[in-house]
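Sending over a structure as structure tokens; questions will come in a sec.
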Amino acid sequence: MHILSQVQQNNLMTNEKTHQYPPAPGMQGRAVREAYDQPSPSIDGNKELLEALFKDSEDFIGRKMPIGGENAPWIYLAYLDAMTGRDIFDLTIIRRLFDMDWDALSQDEKSTDIYTVLKDRGIATGDFSETDKMEDILYFIMAGDTAIFIEGYPKAIIVATRGFPNRGIQSAETEVVVQGSREAFSEVMRFNTALIRRRIRDTGLKCKQSRIGTRSQTDIALMYVDGIVRPEVLEEVELRLKEINIDGIMDSGCVEQLIEENWLSPFPQLQLTERPDKAASALLEGRIAIIVDNSPFVILAPVSLNCFFQASEDYYSRWQVMSITRLLRFIGAFMAVALPAIYIVIALYHPSMIPLSMVTKLAQASVAVPFPAVLEILLLDAAFEMLREAGIRLKTASGGTIGIVGGLIIGQAAVEAGLVSPIVVIIVALTGIATFAIPNVSLVYGFRLVKYGLLLLAAGLGFLGLWAGLLIMLIHLASLRSFGFPYLMPFAASELGEGEDWKDSIFRMPLFMLRKRPFFANPRETNRYSDRL
């Protein structure tokens, strides 16, 4: 007889509440959860079912055993090896159950519900829960917890024994700062929520947890500060997350793409950060943090273009220095997008704009080059981008060496071979350096794509093409929305924030002048600084 047929018969005889048949072997995911609702009161039935579902899974461990004593009731433990912390498992469950002597219990204790006695005296931890749904039991087992089935009860005790390997709390790599915290998020969602709670010790900080992915069952947490967040924004974020119907989520970048509004835009409409201090600061501004398990990057929503130019250390140092630094970032962003196109326009269409002495040198350097200026820039820029990608994929020391030495050797060799002119090497190098001044990688990728469009328009139409390209880019940025907020705030629609957001835009004013929260916050909770707190 089929192994699950026995379970089915047992379930129909002892648990008529569900009236559902267990799935055939090989059925997983949603099929299991829909076909098998509640566990069986018989631990043998649950044992056979779990062993069938985890067939060919050598890391699944199920153990049937009695607690201490000859006449003691039987229990069944189910967990996944390596996902469970062995020390926690041994101390909170195994040792306590073996030390428990059922025969030594009083008659009053024995007459009490066995389930209650075992739950109260057999588990040495306060972090446990109960469930009567097989869907939840399977989820908790695969998440690293231990399920305990007791003979005669169609439910299970879930003990928190998660102890899967992780790399712990390390330093930030993509958002390096000179002054400020060195902590970065990790791949464990619960670590990330704790890092944020360390910085905001307020009962108003809420954390809503759910799961996404029919097969991956990825944990996802929504953190916000109650009263500061706008209710309509929170509702919209929750709605978009609920509408995600996918088999697996491997990283927060997948969630970002699934909930953004304009998927055709090269510019990010949500912000990713690996810094807990930046996420905590965003929460105090009325924004929402979306934490995805298995990802060291947290999603911040909503967002504006101005947010991508703000770094954590902007608020840790003196305002004069940080204002100049932020201005340099905006200048760098413009250079990263338009510098090659400006050079093409001047060199091809308006050489009279160049001083006469420099024109002579440029002409002499360009005589031996067999390619047009546009092709020069495209070829050298492609080489620079490949060096950048090679440096990212290799180890830190080797990557830096390849980026510097490779750039010098290739640039010098290309000039000596007459393939490119020296001025093109300078233009491409300045463009690449300018991208590193932007503190957000996602925005850099958008600028790198737009750069080629401007370059081709400038090559074909001169200044007209350059201005047309910049105008199209500005119109596109002005049309973007992030959960209803204009993307170009406060540079556009600044009246929504009564002009307060200008104080933290291109220049950063002193902290005592930043009395109002950004326009993301609830209008009833805009004050964040006052002389008397």
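The values are calculated or read from the model by the stated rules, or taken from the named source; none is laboratory data. Everything numeric in this text was worked out from a predicted model, so none of it was measured. Counting neighbours? That spans all protein chains shown, and the Cβs are built from the backbone with ideal geometry, glycine included. These area figures cover heavy atoms from the full protein model, side chains too; ligands, DNA and RNA do not enter into them. Shrake-Rupley method; radii C 1.70, N 1.55, O 1.52, S 1.80 Å.
Hey, D293 hits all of (1) over 21 Å from Q170 (Cβ atoms); (2) buried (at least 20 other Cβ atoms within 10 Å of the Cβ); (3) of a type in the set (D, E, K, R) but one; which does it fall short on?
The number of the failed condition is (1).
Take the residues in the stretch 199-212 that are in contact with a strand residue (DSSP E or B) (Cβ under 9 Å, 6 or more places away or on another chain) and of a type outside the set (A, V, I, L, M), then tell me which one is nearest to E135 (Cα to Cα). Break it down into steps so the answer makes sense when it comes.
So in the stretch 199-212, the residues in contact with a strand residue (DSSP E or B) (Cβ under 9 Å, 6 or more places away or on another chain) come out as 200, 202, 204-212.
Right, trim to of a type outside the set (A, V, I, L, M) and you get 202, 204, 206-211.
On the way: D202: 34, G204: 31, K206: 26, C207: 23, K208: 20, Q209: 17, S210: 14, R211: 12 Å.
Filtering first and then ranking leaves R211.
Looking at L466, L454, which is the one that is at pLDDT 90 or above, in contact with a Gly (Cβ under 8 Å, 6 or more places away or on another chain) and not acidic (D, E)? Explain how you work it out, then say what you get.
Details: L466 fails: in contact with a Gly (Cβ under 8 Å, 6 or more places away or on another chain).
From the options L466, L454, the qualifying one is L454.
So which residues in the stretch 461-506 are farther than 20 Å from I344 by Cβ and of a type in the set (V, I, T)?
I475, I506
Quick check on the stretch 275-285. Is at least one of its residues among the small types (G, A, S), in contact with a Pro (Cβ under 9 Å, 6 or more places away or on another chain) and over 22 Å from D251 (Cα atoms)?
Quick first cut of the stretch 275-285, residues among the small types (G, A, S) only: 279-282.
Those left that are additionally in contact with a Pro (Cβ under 9 Å, 6 or more places away or on another chain): none.
Looking through the stretch 275-285, none of the residues is among the small types (G, A, S), in contact with a Pro (Cβ under 9 Å, 6 or more places away or on another chain) and over 22 Å from D251 (Cα atoms).
I've got another one for you. Can you find even one residue in the stretch 476-489 that is modelled with pLDDT under 90 and within 24 Å of I331 (Cβ to Cβ)?
yes
Can you name the number of the only condition in (1) surrounded by fewer than 17 Cβ atoms within 10 Å (Cβ to Cβ); (2) part of a helix (DSSP H, G or I) that I506 fails?
I506 satisfies all of (1) surrounded by fewer than 17 Cβ atoms within 10 Å (Cβ to Cβ); (2) part of a helix (DSSP H, G or I) except (2).
Name the residue that is surrounded by the most Cβ atoms within 10 Å (Cβ to Cβ), counting only residues in the stretch 191-207 that are closer than 22 Å to Q217 by Cβ and in contact (Cβ under 8 Å) with a residue 24 or more places away in the chain.
Start the filter on the stretch 191-207 by keeping residues that are closer than 22 Å to Q217 by Cβ, which leaves 191-194, 207.
Still in the running and in contact (Cβ under 8 Å) with a residue 24 or more places away in the chain: 191-193.
Numbers: F191: 16, N192: 27, T193: 20.
For the stretch 191-207, the residue satisfying everything is N192.
Where the second residue is surrounded by 14 or more Cβ atoms within 10 Å (Cβ to Cβ) and the first is touching a residue at least 60 places away in the same chain (Cβ under 8 Å) and lies in the stretch 349-363, which pairs have Cβ atoms under 8 Å and are six or more apart or on separate chains?
Partner pairs satisfying both residue conditions: Y349/G462; Y349/F463; H350/G462; H350/F463; L362/A347; L362/I354; L362/S421; L362/I423.
More than 26 Å from Y487 (Cα to Cα), out of contact with any Ser or Thr (no Cβ under 6 Å at 6 or more places or on another chain) and open to solvent by less than 20 Å² (accessible area, probe 1.4 Å): which single residue out of V345, V321, V337 fits that description? Walk me through how you get there before you give the answer.
On the way: V321 fails: open to solvent by less than 20 Å² (accessible area, probe 1.4 Å); V337 fails: more than 26 Å from Y487 (Cα to Cα).
Answer to the selection: V345.
Looking at the stretch 164-201 only, could you name the residues that are part of a loop (DSSP other than H, G, I, E, B), out of contact with any Asp or Glu (no Cβ under 9 Å at 6 or more places or on another chain) and of a type outside the set (G, A, S)?
Those that are part of a loop (DSSP other than H, G, I, E, B), out of contact with any Asp or Glu (no Cβ under 9 Å at 6 or more places or on another chain) and of a type outside the set (G, A, S): F164, P165, V176, R182, I200, R201.
Taking only the stretch 252-278 into account, find how many residues are in a helix (DSSP H, G or I), within 25 Å of P231 (Cβ to Cβ) and under 11 Å from the mean Cα position of the chain (by Cα).
Here the count works out to 3.
In this structure, does R230 turn out to be at pLDDT below 90 and of a type outside the set (D, E)? It would help to see each step written out before you state the result.
Working: at pLDDT below 90: no; of a type outside the set (D, E): yes.
Here the answer is no, as R230 does not meet what is asked.
Please enumerate the residues belonging to the stretch 144-163 that are assigned to a loop (DSSP other than H, G, I, E, B), at pLDDT 85 or above and within 26 Å of L195 (Cα to Cα).
Correct list: G144, D145.
In the set M489, M513, M509, which member is among the aliphatic types (A, V, I, L, M) and within 27 Å of the chain's Cα centre (by Cα)?
Values: M513 fails: within 27 Å of the chain's Cα centre (by Cα); M509 fails: within 27 Å of the chain's Cα centre (by Cα).
From the options M489, M513, M509, the qualifying one is M489.
Also, I was wondering about something else. Just one of the numbered conditions (1) open to solvent by less than 40 Å² (accessible area, probe 1.4 Å); (2) under 15 Å from the mean Cα position of the chain (by Cα) is not true of I228; which one?
In the conditions (1) open to solvent by less than 40 Å² (accessible area, probe 1.4 Å); (2) under 15 Å from the mean Cα position of the chain (by Cα), I228 misses (2) alone.
Any residue at all in the stretch 77-85 that is in a loop (DSSP other than H, G, I, E, B), of a type in the set (A, V, I, L, M) and at pLDDT 75 or above?
yes
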